[in-house]
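The structure appears right after this line, and notes come after that.
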Amino acid sequence: DNRSPSFDILNEPPSKRQSIGVANRLRIRLDAMKRNNDCPRCWLQRAHCVCDRCPPLEEEIEAGVVDQNYSQKTIASLELKESNDVPPRSALPGIRRLFLLMHHKEIGLVVDTAKMILRAFPNTARLVVAGIGEEYQPSMAEMIDSINGKGGKCVVLFPADGARTFHELQQVEHIGEQMKKINEQEDSWDIIVIDGTWA
């Protein structure tokens, strides 16, 4: 435990020091949010929470547990899908994973709007915190594997002069009809969304 009095960060290998420092700062920020009773999803004060007005755009299924904010109609549809062994429909056809790469200083900021991607796509979106190594967050390891071509196609969403639209990429890759096979990983894409300008 790096909070114990005997812990000295200088005794850690240099490659781990940044991750430990960032994790400590995040813990302090998240503990403050908890003390203030801020919403853990939208990071706003409870009086200003927007989560009930921004429901997920895809069905949130986690080990058979349904989010308590779902309506009875949604729960009934999930039970129906589970009973028929039909996988939930993706709100993003052709997208396997959506990595939200966020600078660690953005975590917990109420002005950060990218966090709503995590709320909108609870099954597809993965938060990747820059500054914490892949050995401490599986989502970083998944993103790096994707960038290195393991498990499908990967694209970075970034507004540049020579940037192409997702539709143009589909045309270039000649995958038009294959995009309908959304449950086959080899025909799906991973998208990396960079949160902020990172000047």
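Each reported figure results from applying straightforward, stated rules to the coordinates on display, with no laboratory input. Being a predicted model, the structure only gives us computed values, none of them experimental. Every residue, glycine among them, receives a Cβ derived from its backbone with ideal geometry; neighbour counts consider all protein chains shown.
When ranked by the protection proxy of mean other Cβ atoms within 10 Å per residue, highest first, what sequence do the peptides 189-196, 30-37, 9-16 form?
The densest-packed peptide leads the list: 189-196, 30-37, 9-16.
Taking a threshold of 28 Å on the Cα-Cα distance, which of the pairs 16/105; 16/153; 34/153 fall above it?
16/153; 34/153
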